[in-house]
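Read through the structure below, which is laid out as structure tokens, and then see the notes.
None of the figures in this text is laboratory data; all of them are computed from the coordinates on show. What you are looking at is a predicted structure, and each value in this text was computed from that prediction instead of being measured. FYI the Cβ positions are ideal-geometry reconstructions off the backbone, even for glycines, and counts take in every protein chain you see.
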Amino acid sequence: MVFGKLSIADINYLWRGTLLTLRLCLTGIGLGLILGAIFGILRANPRKTLTKMIAAAYIEFFRAVPLMLLFVVGYFGIISLGYNVSRFGAVVAAISLYTGAYIGQVVRTGIESVGRGQWEASVSLGMSYVDTLRYVILPQAVKIMIPPAIGVVIGVVKGSSLASVVGYVELVLAGRHVIQRTYAPLLVMGTIAMIYFVICYPLSILSKNLERKL
Amino acid sequence: MGLRWEVPLKNLPYLLGGALLTLRLVGISVVFGIFLGIVGAMGRTSKNKLFHGIATAYVELFRNTPFLVQIYFAYFALPTFNIDLTPGQSALFVMILNTGAYMSEIIRAGIEAVHKSQVESGYSLGMSYLQVFRYVMLPLAMKAIAPPLGNQIISMTLSSCVISQISAEDLTFRAMMLENRTFRSFEIYIVTILIYFLLAEFLYLVIGYINRKVFGISAKQKLPTMI
Amino acid sequence: MLMLDVKDVHKHFGQLHVLKGISLQLERGETGVLFGRSGSGKSTLLRCINYLESIDSGEIYVDSELVTPDRAKLRKLRANIGFVFQHFNLFPHLSILGNVTLGLKVVKKTPEDEAREIALKALEDVGLKEKAENYPEELSGGQQQRVAIARSIAMNPKMILFDEPTSALDPELIGEVLEVMKDLSQQGMTMLVVSHEMGFARETADKMFFLHNGKLVEEGPPSEIFRKPKTEECRRFIEAIL
């Protein structure tokens, strides 16, 4: 038979994998949002400050390296140096830093898309840079940031599958374990693909709709 | 415990050869992906329900599932149908399909960037259809297509490392081979990441240059899509 | 009492020398109108007074305070100088009331209730009290500009700068804005206005300044400027727009 069969235990196992994927994604997105907000705001500073250059270097670096190898260095690399790291810790650190850079770019673009007139009107009232950001620019920029930020979330969900490469059991690695037990690769990989699709597709529709409304 | 950078550095030619393999695979998948993308975009804009449905399913399936899962699917699941591909073939096959799905959306957006009024003003100047296509539609569409297309090339360059997981030979696969021999994971993978970094930065430069010189676009480079 | 004292201000944009040693004064309570061809430097001069543009040399004093790039001093100074923009620059995410109270709350730390009261009074002055709860996009251009003026008034400024306040408006909406500005002038507000509205200038201005190629080539009360301009450029310019 082409498809093979899955037992209840197999389905449970895949379900647990799904939850672990979600946990990894939510942690990564949560930390990534914090990092991204900080670095994005620093990056958008019109004045050439040291913090701006650090933020720029951070974002520039992560836009040009493969996420999978960050997982590999973060776990296997560190272990090979004789340090003890948990898989979850290494994987979360890598995905958060990576997500933070992407969110940072979203935040920066959002801030920069608010017109110059808004800055000028604010500073001519005597408002400081920080107050202008807080009360005038960010409230307007957030709307612009949401659709691309959802795009980043989709990317994180898909990217989290790469954590399987360092042996972190999430959906894909759970799937590979089930394949070893059942010899039903088509069914298992198909199911896994569908699970990702069910998470990502509604998000991509949402992002598209929100973008159209802007 | 000391770091031994000489391990990856002595094997730099081997790794750089892997980088060329990566670039070649990306090059092939981009060329074929563009053709696939044109067909996909035609489907997405087609009034024929079947064609439209198939194109939409193809595009959305590939864009909303992880590249790694697509690779595993081809590698583990296709043999079920007695389709036996080598790892390299499986990898290239999925890379092309994946690129094609993203290209479909990019090309479709390019087509939609051409507004009716612009086409009409072309005709109102007395241009023929071919002239309108050549001087109005194509430049406008290319202007919308070029930046995200460049971005997609970089995305694929970085994401293609995933194919090493089914033992297709590329830069990352060679790094893994080296690691198996030497156990210097940290040094090897740091150098590998740096090679990807330089590769990507080089592509950013070239693509940015082409966008500026050929298409007159000085738009800020967006981050690559996570595929 | 001198409210505005501009001393020999020079300004370049790259190679372009846009302000070539401008000096002008405005007494407390006076209304000045800056006019001249586009590119003559009048908007740039106005923006320099609020340090929206830096200057290369010269000095600007507002109520004896030097305009400096020092950020703390600059914020204080700007809080005391109103600025009305050509394109209004209202905050689209805030209600009309929110627009007018923001500076009070954030800069002057005025308590909510008091800020609200001051803002409503300012909106009343421009005839838009009933629009307090609306949002900028629901208002006409003329109304938006009046809100922008109220936003400045609410800060109780020493002087208000107007950068072509009516040039982005449909012709039928210009009158209401000029009316508000005239009232303001009559109440004794010090104002410097970049505008080509010569009717407004004739009725309201105490002094007019004609800028040409980055230089102040002529100044005087409207009666003189309109009746017997001293320079050929000024005569021709006035003839062209009247």
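For the segment B:70-83, counting C-beta atoms of other chains within 10 Å of every residue's C-beta and taking the mean gives 4.
Peptide packing for B:49-60, B:12-23, A:18-29 was compared via the average number of neighbouring C-beta atoms within 10 Å per residue; ordered from the highest value, the list is A:18-29, B:12-23, B:49-60.
Across every pair of non-identical alpha carbons in segment B:45-158, the mean reciprocal distance, once inverted, gives a Kirkwood radius of 16.5 Å. Dipole magnitude for chain C: about 700 debye, using +1 per Lys or Arg Cβ and -1 per Asp or Glu Cβ, origin at the Cα centre. Comparing segment B:108-227 with the 2.2 N^0.38 Å rule of thumb, its C-alpha radius of gyration ratio is 1.53 (two decimals). Near the amide H of C:M159, within less than 5 Å, lie the amide hydrogens of C:G82, all on another chain or at least 5 residues away, with H placed in the peptide plane.
Residues whose amide H lies under 5 Å from that of C:F209, counting only those 5 or more places away or on a different chain, are C:V33, C:L34, C:F35; hydrogens are built 1.01 Å from N in the peptide plane. In this calculation the C-beta distance from B:F183 to B:Q89 is compared with R0 = 25 Å, giving a FRET efficiency of 0.20.
Once divided by 2.2 N^0.38 Å, the Cα radius of gyration of segment A:161-203 becomes 1.18. Restricting the GluC sites (Glu not before Pro) of segment C:97-173 to loop positions (DSSP other than H, G, I, E, B) with no more than 12 neighbouring Cβ atoms within 10 Å leaves C:E133. In segment C:2-241, taking the dipole from charged Cβ atoms about the Cα centre, the farthest positive-side position among C:T110, C:G21, C:P165 is held by C:G21. Peptide C:46-52 has a mean of 2 when you count, residue by residue, the C-beta atoms of other protein chains within 10 Å of its C-beta. In terms of other Cβ atoms within 10 Å, B:M127, C:M189 run from fewest to most in the order B:M127, C:M189.
Return the tail of the calculated pair distribution for segment C:2-241, meaning the percent of Cα-Cα pairs more than 27 Å apart. Everything past 27 Å amounts to 34 percent. The charge dipole of chain A, taken about its Cα centre with unit charges on the Cβ atoms of Lys, Arg (+1), Asp and Glu (-1) only, comes to about 120 debye. Amide H to amide H distances under 5 Å link C:V18 with C:K11, C:H12, C:F13, where only residues 5 or more positions off or on other chains count and H is placed in the peptide plane. What is the local net charge at B:T157, summed over the other residues whose Cβ is closer than 14 Å to its Cβ (Lys, Arg +1; Asp, Glu -1)? The answer is 0. I want to verify the translational diffusion coefficient of segment B:1-71 in µm²/s; compute it with Stokes-Einstein, Rh as the Kirkwood radius over Cα pairs, at 20 °C and 1.002 mPa s. The diffusion coefficient I find is 139 µm²/s. Over segment A:8-213, the pair-distance histogram of Cα-Cα distances with 5 Å bins from zero comes to 1, 7, 13, 15, 16, 14, 11, 8, 6, 4, 2, 1, 0, 0 percent, rounded to whole numbers.
Can you give the charge dipole size of the protein assembly as shown about its Cα centre, rounded to the nearest 20 debye, using +1 on the beta carbon of Lys and Arg and -1 on the beta carbon of Asp and Glu? Intermediate values should be presented prior to the final figure.
Values: 68 positive and 54 negative charges, 410 e Å.
The dipole magnitude comes to about 1960 debye.
Residue exposure proxy: A:D10, C:D170, C:D183, ordered by other Cβ atoms within 10 angstrom of their Cβ from fewest to most, comes out as C:D170, C:D183, A:D10.
May I ask you to give the average projected area over all directions of the convex hull of the Cα atoms of segment C:1-120, in nm² rounded to one decimal?
Here the figure is 9.1 nm², rounded to one decimal.
Using the Cβ-Cβ distance between A:I34 and C:Q25 with R0 = 45 Å, the FRET efficiency computed as 1/(1 + (r/R0)^6) comes to roughly 0.30.
Restriction of the chymotrypsin sites (Phe, Trp or Tyr not before Pro) in segment A:60-108 to DSSP coil positions whose beta-carbon has at most 15 other beta-carbons within 10 angstrom yields A:Y83.
Once the convex hull of the C-alpha atoms of the protein assembly as shown is built, how many Å³ does it hold per residue, rounded to a whole number?
220 Å³
For segment A:22-144, the ratio of Cα radius of gyration to the globular rule of thumb 2.2 N^0.38 Å stands at 1.26. Counting only Cα atoms, the size of segment A:18-82 along its three principal axes is 42, 30, 20 Å, in decreasing order. Debye-formula intensities of chain B, expressed as log10 I(q)/I(0) at q = 0.17 Å⁻¹, are -1.22 (one equal scatterer per alpha-carbon, no solvent).
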